[in-house]
Amino acid sequence: MEVILNDLSLEIYGRDFSSLINDLLDLVLFNTQAKKLGSPLKCHRNVRNLFVADNKSLIDVIGKNASKDQRQKIFTWLDRSGPFWCESREENPDDYFELNGQDVTNRGLGECARKQIIDKPVASYSLGQEKVFRVNTLCVQHGLPEEILGLYEIQNYYEFESLKARLHSLLPPPQNWKDLISYSKAQFELLVFSDELLGQIEQLPFSDCVAERFLELCKKLEEIIQSRDEKQQFSSSTHQLIEQHFHGDKAWFSDESDQDKIDFVNQLKFKNAYTGEKESFSYHGKIKTPQIRVYFDWPLTPAMKQIQIVYFGPKITKH
């Protein structure tokens with residue numbers, strides 16, 4: 001499915017430039033993940049010149065309200081990396097489209113309608129808090145008001161999580177360990193997966209049950225990271241998740257015993273994705289049938305923006 005930025009939503013965004021900058025930075029981050037899912041967010045190459053408020057162009061708003069690092073990230077997307085739907089614009093012999101009486105022929109919504117006419121899966125993504133664009137579908141009219149050729153309901157997203165969930169639902173389920181690891185890298189942006197995972201697990205035959213449990217463990221770790229407050233400190237939700245999943249007889253995650261840390265000191269060393277050096281990791285998630293372990297970087301500190309998954313394979317601490 002192609003996803004196209006609804007540039008009209010930028011024009012009526014309003015004067016909350018700080019929120020606009022943050023939303024654009026979220027788009028940049030989201031687009032990195034969407035590319036892995038095969039559905040990057042496309043925009044028009046001229047979107048930087050849109051007037052977004054008080055006759056101020058988007059490029060001026062970004063230039064005056066974003067830091068140097070923020071500007072670089074946003075302009076890399078808008079100016080260089082794209083992708084830009086206008087470079088492969090669909091053709092239509094009756095090329096005129098409106099939304100609520102406004103010409104959108106050369107806008108993102110016009111392109112969405114052209115794609116829908118030829119049965120190409122497409123959706124729009126809208127920014128801001130204006131109610132007119134915080135709806136699940138946008139009705140684009142094909143043709144002039146006096147000669148309407150068709151009405152097209154464009155699927156519209158305005159929250160990252162709902163769009164991300166939809167893109168994931170379009171992915172085929174993993175069929176082997178390599179698929180599973182690739183799928184996980186695309187799905188969990190707050191986890192870092194070691195490049196050694198495939199070699200660790202591929203000695204075992206692929207199992208749908210193990211794959212499903214691996215994804216459950218990864219999802220829970222990402223939920224824990226997301227539950228922290230704006231200063232990356234543990235919130236009440238974080239403490240609750242840790243209490244629920246790190247404690248008790250049926251805990252999903254636990255540390256190795258002191259004795260096992262001594263007996264298997266060398267086997268519990270795995271490559272740190274950031275340093276490339278082998279280090280000790282003893283916290284792990286459990287898969288019972290067969291006996292599989294998922295080792296990760298813990299405890300979680302405020303400095304950690306992501307959690308490393310450093311091992312995925314047969315249980316190591318067997319006596």
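Kindly indicate the residue of segment 31-48 that is more than 15 Å from Thr76 (Cα to Cα) and among the polar types (S, T, N, Q) and also surrounded by the most Cβ atoms within 10 Å (Cβ to Cβ) among those meeting that condition.
For segment 31-48, the residue satisfying everything is Ser39.
Please work out which residue is most open to solvent (accessible area, probe 1.4 Å), limiting yourself to segment 86-131 and to residues that are at pLDDT below 95 and assigned to a helix (DSSP H, G or I).
Per the stated criteria, the residue is Lys131.
Scan segment 305-319 for residues that are touching a residue at least 60 places away in the same chain (Cβ under 8 Å) and either more than 17 Å from Gly199 (Cα to Cα) or crowded, with 17+ Cβ neighbours inside 10 Å (or both) and report the count. I'd like the intermediate steps shown before the answer.
Going through segment 305-319, the residues touching a residue at least 60 places away in the same chain (Cβ under 8 Å) turn out to be 305-314, 317.
Okay, now just the ones that are also either more than 17 Å from Gly199 (Cα to Cα) or crowded, with 17+ Cβ neighbours inside 10 Å (or both), so 305-313, 317.
Within segment 305-319, residues that are touching a residue at least 60 places away in the same chain (Cβ under 8 Å) and either more than 17 Å from Gly199 (Cα to Cα) or crowded, with 17+ Cβ neighbours inside 10 Å (or both) number 10.
For segment 172-201, what are the residues that are exposed (fewer than 15 other Cβ atoms within 10 Å of the Cβ), assigned to a loop (DSSP other than H, G, I, E, B) and free of Cβ contacts under 8 Å to residues at least 60 places away in the same chain?
Once the filter is applied, which keeps residues that are exposed (fewer than 15 other Cβ atoms within 10 Å of the Cβ), assigned to a loop (DSSP other than H, G, I, E, B) and free of Cβ contacts under 8 Å to residues at least 60 places away in the same chain, segment 172-201 yields Pro172, Pro173, Gln175, Asn176.
Would you point out which residue out of Lys231, Lys271, Lys250, Lys261 is out of contact with any Cys (no Cβ under 6 Å at 6 or more places or on another chain), of a type in the set (Lys, Arg) and closer than 28 Å to Lys178 by Cα?
The unique qualifying residue is Lys271.
Taking segment 9-30 only, how many residues are assigned to a helix (DSSP H, G or I), touching a helix residue (DSSP H, G or I) at 6+ places or on another chain (Cβ under 8 Å) and open to solvent by 10 Å² or more (accessible area, probe 1.4 Å)?
Going through segment 9-30 one residue at a time, the tally reaches 6.
State all residues of segment 54-72 that are in a helix (DSSP H, G or I) and farther than 17 Å from Ser9 by Cα; if no residue qualifies, say none.
Asp60, Gly63, Lys64, Asn65, Lys68, Asp69, Gln70, Arg71, Gln72 - these are the residues of segment 54-72 that are in a helix (DSSP H, G or I) and farther than 17 Å from Ser9 by Cα.
Could you please find all residues in segment 132-154 being assigned to a loop (DSSP other than H, G, I, E, B) and under 30 Å from Ser19 (Cβ atoms)?
Arg134, Val135, Asn136
Condition first: β-branched (Val, Ile, Thr), open to solvent by less than 60 Å² (accessible area, probe 1.4 Å) and in contact with a helix residue (DSSP H, G or I) (Cβ under 9 Å, 6 or more places away or on another chain). Now tell me which residues in segment 132-171 satisfy that.
Val140, Ile154
Identify the residue in segment 226-263 that is outside any helix (DSSP H, G or I) and closer than 14 Å to Tyr283 by Cβ and, among all such residues, is most open to solvent (accessible area, probe 1.4 Å).
In this case the residue turns out to be His247.
Do you know which residues across segment 265-304 are open to solvent by 20 Å² or more (accessible area, probe 1.4 Å) and of a type in the set (S, T, N, Q)? Spell out the reasoning first.
Initial filter on segment 265-304 (open to solvent by 20 Å² or more (accessible area, probe 1.4 Å)): 265-267, 269, 271, 273-280, 282-283, 286, 288-291, 293, 297-299, 301-304.
Residues satisfying the conditions are Asn266, Gln267, Thr275, Ser280, Ser282, Thr289, Gln291, Thr301.
The values are calculated or read from the model by the stated rules, or taken from the named source; none is laboratory data. Everything numeric here is computed off the predicted structure, so don't read it as measured data. Here the Cβ is made from the backbone with ideal geometry for all residues, glycine too, and neighbour counts use every protein chain on show. Note: accessible area is taken over every heavy atom of the protein model, side chains too, but ligands, DNA and RNA are not part of it. Shrake-Rupley method; radii C 1.70, N 1.55, O 1.52, S 1.80 Å.
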